[in-house]
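Below is one structure, written out as C-alpha cells; the observations come after it.
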Amino acid sequence: MSTAQAIFRSYRAPRAVARDFRAAGADEATGLGWLFAACILFFIAQLPGLARTSHLSDGEVPLFGLALGTFFGTMLLAPILFYVLASLSHFVANTLGGQGSITDARLAMFWGLLASGPVVLFQGLVAALIGPGQQATLVALASFVVFLWVWLNSLIELEGAR
C-alpha cells in the first residue's frame, strides 16, 4: 500500500494500518523517515502564512528571516520534542500495562504526525488565504484531532499486549 493510501486509510482504521506496519516490519528507520517527512510538510504548510505576514508588514519583516526561523524550528527542534513526547507516551503506556517497545511508541507518534499532514497543509492554506479567525482556529483544531486520533489508536495497537 502506498503512503498516501495508508494516510487516508488511517482516518478510518488507524489500528488496522498500525497492524499492517508492524507486519511489514516497520522499524526505527521507518519512523525517522515518517518524522522528517511530517516536519517537511509542516514547514511547507507554514510558508503561505509567512508570505502573508511578510506582505502585510510592507517588507518590514523579511520572508527569508521568517522562513529561516520556521525551518530551524520545524526541522531541528521539533524532531527532538517529538522524540521526547514519544518516549513519555511509551512510559505512560507501560505504566498502564502496555507491552510494546519504545520504538512502537515512536512509530505511533511519527505516523500520527505524517497522517495529519494533509490536514495541516489545508490549515496552512486557510491561514494564508483567510488569515487569523474562527475558520483558521477550526481547521487547526481539526488537524490536531486527526493527529490525536491516529496517534492514540496507533499507540494502543502497537503498545498493546502481543
If you average 1/r across every pair of different Cα atoms in region 27-109 and take the reciprocal, what Kirkwood value do you get, in Å?
14.5 Å
Report, to the nearest 10°, how far helix 134-159 tilts away from the longest principal axis of the Cα atoms in the chain, using its own Cα long axis and a range of 0 to 90°.
20 degrees
Distances longer than 19 Å among the Cα atoms of the chain: what percent of all pairs is that?
56 percent
Relative contact order of the chain (C-alpha contacts under 8 Å, at least 6 apart) in percent is 36 percent
Rounded to the nearest 10, the angle in degrees between the Cα long axis of helix 14-24 and the longest principal axis of the Cα atoms of the chain comes to 70 degrees
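Values quoted throughout were computed directly from the atomic coordinates according to the rules given, and no laboratory measurement underlies them. Since the model is a prediction, treat every value here as computed from it, not as a measurement.
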